[in-house]
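Have a look at the structure below, then the notes.
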Amino acid sequence: MEKKTFTIPAISCGHCVMSIKNELSELAGVKKVEGDPQSKSITVEWDSPASIDKILNTLKEINYPAQ
């Protein structure tokens, strides 16, 4: 299992975090998504077939690109 914390400057509230959680949770292989609007970050745990590229592309598609 892989785990990474992403900084997402577009996060401004808990609703943003929930939107990201809902979208990333739909990716096959994503096990856990946690976010913090205060630090503007999310932490994702995943296994194959999910990949860091798929996660980053999804974040970009939903207008929450990671830095």
Measuring from label point to label point, each 7 Å out along Cα→Cβ, what is the HIS15 to ILE52 span in nm? 3.3
Could you give me the radius of gyration and the Dmax of the chain, taking only the C-alpha atoms into account and expressing both in angstrom? 10.5, 30
Expressed as an acute angle from 0 to 90° and rounded to the nearest 10, what is the orientation of the C-alpha long axis of helix 52-61 relative to the principal long axis of the chain? 40
Nearest 10 degrees is fine. How inclined is helix 14-25 to the longest principal axis of the chain, computing both from alpha carbons? 10
Of the accessible area of the chain, with the probe set at 1.4 angstrom, what percent is carbon plus sulfur? 45
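Before I look further, what does the chain give for accessible area per residue, probe 1.4 Å, in whole square angstrom?
Numbers: 4070 Å² over 67 residues.
In whole numbers, the chain has 61 Å² accessible per residue.
The values are calculated or read from the model by the stated rules, or taken from the named source; none is laboratory data. All values derive from a computational prediction rather than experimental measurement. Note that we place each Cβ from the backbone using ideal geometry, even for glycine, and neighbour counts take in every protein chain shown. Quick note on the areas: whole protein, heavy atoms, side chains included, nothing else; ligands and nucleic acids left out. Shrake-Rupley method; radii C 1.70, N 1.55, O 1.52, S 1.80 Å.
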